[in-house]
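*Asks:* Next up is a structure, given as structure tokens.
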Amino acid sequence: MTKPTVVLTRRLPEGVERVAAERFEVRTNADDHRLSVAETQAALRTADGIICTLGDPLRADTLGAGPWCTKILANFGAGTDHIDLAAAKAAGLVVTNTPGALTEATADLAMALILMATRRLGEGEREVRRGDWTGWRPTHLLGNSVQGKTLGIVGFGRIGQATARRAKLGFGMNVVYASRSTPAASHQRPEARSLSLDELLATSDVVSLHTPATSETIGMIDARRIALMKRGSYLINTARGSVVDEAALIDALKSGQLAAAGLDVYSQEPLVPSALLALSNVVTLPHLGSATIETRTAMGMRAVENLTAIFAGKPPLDPVT
């Protein structure tokens, strides 16, 4: 029996590629470059399934040029804002994601960014590397403790709740949250108070973003909302760069309205505004939220299981469309 053909748009952890090759006829992206629209459409014309990533061009102008051989876009990741879901549905494509696999790793990174921003760790690391450290002194690079401070979680889904657990149980922070929907009941959900977004911004010492990128959330943290935040507070973003107005963020960091920001995502990845990079009070990471071997392997295996289900004529485990 002929195996289904599957295209991997980027290189995946070795164990994932090995299992995928056992189940499917796999075509890999040998040099791990970002596929062009033409290359993506070639994959759609010739493969039964595609494991795609957030960097792939899957907009309406790409997907609308079918019909396609491909039956399923198995997204490697939870967010699907890079896929035009209406165009995918119109083209008869099933879209799946990997929503549970990256929760803990991303929450770990959010907490790391909170500590890096509040304790000025990025500034200190850069000072040592430059050879500018002159030795210990009592007033050198004083940051702020997080114990007893209020953490505002914007978006209280899996990752938001996991971040709240770490902050509350591990670091003694008070937690408030703003959510567009009622959070699912869970025995693991930490005690937290629900507020409107504007109330949360005015109340919190640290604001951590965990909301998906949708038409409602793009530019949600704009100049008006940043002005509501406590002067000298901190903004952390491990969600999507498009949720924040980067020009307003830069102005707030320059003026002292915000003490610092910890960022893992940007609106035009991989481009980062030069004005942002020039600021010493910004921690910048290259979208590492889920970047552990264990998590990326679990994400890849979940994508493989979604493909396997579709090719067996079964419902996918994680349907988006």
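*Asks:* On the full set of protein chains, 1.4 Å probe, figure out the accessible area of residue 36 and give it in Å² to the nearest 10.
*Replies:* 50
*Asks:* Within the accessible area of the chain, what % is carbon and sulfur when the probe is 1.4 Å and the other protein chains stay in place?
*Replies:* Carbon plus sulfur share of accessible area: 54 percent.
*Asks:* Taking a cut-off of 20 Å between Cα atoms, list the lysines near residue 314, but don't count ones fewer than 8 places away on the same chain.
*Replies:* Output for residue 314: 3, 71, 89.
*Asks:* What do you get for Rg/Rh over the range 72-129 if you use C-alpha atoms and the Kirkwood form of Rh? Write out the running numbers ahead of the final one.
*Replies:* Working: Rg = 18.2 Å, Rh = 14.3 Å.
Radius of gyration relative to Kirkwood radius: 1.28.
*Asks:* Now for a separate question. If you project the alpha carbons of the range 263-313 onto the principal axes, what extent comes out on each, in Å, largest first?
*Replies:* Principal axes ranked by extent give 52, 22, 10 Å for the Cα atoms.
*Asks:* With every protein chain present, what accessible area does residue 69 have (1.4 Å probe, heavy atoms only), rounded to the nearest 10 Å²?
*Replies:* Around 50 Å² of this residue is reachable by solvent.
*Asks:* Taking the Cα atoms only, what angle lies between the long axis of helix 121-130 and the longest principal axis of the chain, rounded to 10 degrees?
*Replies:* Once rounded, one gets 90 degrees.
*Asks:* So what J values fall out for the range 147-157 if you push phi through Karplus, 6.51 cos²θ - 1.76 cosθ + 1.60 with θ = phi - 60°, rounded to Hz, Gly and Pro as x?
*Replies:* In residue order, the calculated couplings are 4, x, 7, 9, 9, x, 9, 9, x, 10, x Hz.
*Asks:* What value does the range 216-321 have for Rg/Rh, both radii from Cα atoms and Rh as Kirkwood defines it?
*Replies:* Details: Rg = 18.3 Å, Rh = 15.9 Å.
My calculation puts Rg/Rh at 1.14.
*Asks:* P(r) tail for the range 77-236, what percent of Cα pairs lie past 21 Å?
*Replies:* 54
*Asks:* Any idea what the relative contact order of the range 211-321 is, in percent, if you count C-alpha pairs under 8 Å spaced at least 6 apart?
*Replies:* Averaging sequence separation for qualifying contacts and normalising by length gives 20 percent for the range 211-321.
*Asks:* Bin width 5 Å, origin at 0, all Cα-Cα pairs of the range 91-163: what percent of pairs per bin?
*Replies:* 3, 12, 16, 16, 14, 11, 10, 8, 4, 3, 2, 1, 1
*Asks:* Residue 280: accessible area at probe 1.4 Å, nearest 10 Å²?
*Replies:* Rounded to the nearest 10, that gives 70 Å².
*Asks:* Still on this structure: Please compute the net charge surrounding residue 82, taking Lys and Arg as +1 and Asp and Glu as -1 over other residues with Cβ under 11 Å from its Cβ.
*Replies:* Details: positive: 59, 240; negative: 56, 81, 84, 269.
Counting the neighbours of residue 82, the net charge comes to -2.
*Asks:* Right, next: Would you mind getting the accessible area per residue of the range 173-321, heavy atoms of the protein chains only, 1.4 Å probe, in Å²?
*Replies:* On a per-residue basis, the range 173-321 sits at 46 Å².
*Asks:* Heavy atoms only, probe 1.4 angstrom, no DNA, RNA or ligands counted: give me 205, 32 ranked by accessible area, highest first.
*Replies:* Descending accessible area places them as 32, 205.
*Asks:* Next up: Any idea what the alpha-carbon Rg over 2.2 N^0.38 Å comes to for the range 150-283? Mind showing how you got there, number by number?
*Replies:* Numbers: Rg = 14.2 Å, N = 134, 2.2 N^0.38 = 14.1 Å.
Normalised Rg, Cα atoms only: 1.00.
*Asks:* Residue by residue through the range 192-209, what is 3J(HN,Hα) from phi via Karplus (6.51 cos²θ - 1.76 cosθ + 1.60, θ = phi - 60°)? Round to whole Hz and write x for glycine and proline.
*Replies:* After applying 6.51 cos²θ - 1.76 cosθ + 1.60, I find 7, 9, 7, 9, 5, 4, 5, 5, 4, 4, 6, 9, 8, 7, 10, 10, 10, 9 Hz.
*Asks:* Can you tell me which of 180, 240, 302 moves the most in a GNM of the chain? Springs connect C-alpha atoms under 10 Å apart.
*Replies:* 180
*Asks:* How tilted is helix 14-23 with respect to the longest principal axis of the chain? Cα atoms for both, answer in degrees (0 to 90, nearest 10).
*Replies:* 20
*Asks:* Then there is this: Students sometimes get this wrong: rank 89, 149 by accessible area, probe 1.4 Å, all chains present, largest first.
*Replies:* Descending accessible area places them as 89, 149.
*Asks:* Would you mind checking the radius of gyration and Dmax of the range 189-263 based on alpha-carbon positions, in Å?
*Replies:* 11.8, 36
*Asks:* Taking just the alpha-carbon atoms of the chain, what radius of gyration and Dmax come out, in angstrom?
*Replies:* Rg, Dmax (Cα atoms, Å): 21.2, 72.
*Asks:* Something else: What nm value, rounded to one decimal, do you get for the distance between residue 268 and residue 216 when each label is placed 7 Å out toward the C-beta?
*Replies:* So the two model labels end up 2.9 nm from each other.
*Asks:* In degrees from 0 to 90, rounded to the nearest 10, what is the angle of the helix 293-311 Cα long axis to the longest principal axis of the chain?
*Replies:* With both axes taken from Cα atoms, the answer is about 30 degrees.
*Asks:* Given a cut-off of under 8 Å on Cα pairs at least six residues apart, what relative contact order in percent is computed for the chain? It would help to have the intermediate numbers written out before the result.
*Replies:* Values: 621 pairs, mean separation 57.1, N = 321.
Relative CO of the chain lands at 18 percent.
*Asks:* Let me ask something else. What is the log10 of I(q)/I(0) for the range 1-107, computed with the Debye formula using one identical point scatterer on each Cα and no solvent, at q = 0.11, 0.20, 0.22 Å⁻¹?
*Replies:* Results for the range 1-107 at q = 0.11, 0.20, 0.22 Å⁻¹ read -0.32, -1.07, -1.27.
*Asks:* Let me ask another. Considering only 34, 126, 59, give the residue with the highest GNM mean-square fluctuation for the chain, with springs between Cα atoms whenever their separation is below 10 Å.
*Replies:* 126
*Asks:* Pick from 227, 259, 74 the residue whose mean-square fluctuation is largest in a GNM of the chain, springs joining Cα atoms under 10 Å.
*Replies:* Per the Cα network of the chain with a 10 Å cutoff, 227 tops the list.
*Asks:* Quick one: compute the contact order of the range 23-154, relative version, from alpha carbon pairs under 8 angstrom and 6+ residues apart, as a percent. Mind showing how you got there, number by number?
*Replies:* On the way: 137 pairs, mean separation 22.1, N = 132.
It comes to 17 percent, rounded to a whole number.
*Asks:* Looking at the range 88-169, which chymotrypsin sites (Phe, Trp or Tyr not before Pro) are in a loop (DSSP not H, G, I, E or B) and have at most 11 other Cβ atoms within 10 Å?
*Replies:* Working: sites: 133, 136, 156; in loops: 133, 136, 156.
Taking the range 88-169 and a limit of 11 other Cβ atoms within 10 Å, the loop chymotrypsin sites (Phe, Trp or Tyr not before Pro) found are 136.
*Asks:* Based only on Cα atoms, what Rg/Rh ratio does the range 29-86 have, Rh being taken as Kirkwood's radius? Present the calculation step by step, with values, prior to reporting the outcome.
*Replies:* Details: Rg = 10.6 Å, Rh = 11.6 Å.
So for the range 29-86, dividing Rg by the Kirkwood Rh gives 0.92.
The values are calculated or read from the model by the stated rules, or taken from the named source; none is laboratory data. Being a predicted model, the structure only gives us computed values, none of them experimental. Note that each Cβ is placed from the backbone with ideal geometry, even for glycine, and that neighbours are counted across all protein chains shown. Just the protein is used for accessible areas: all its heavy atoms, side chains included, with ligands, DNA and RNA removed. Shrake-Rupley method; radii C 1.70, N 1.55, O 1.52, S 1.80 Å.
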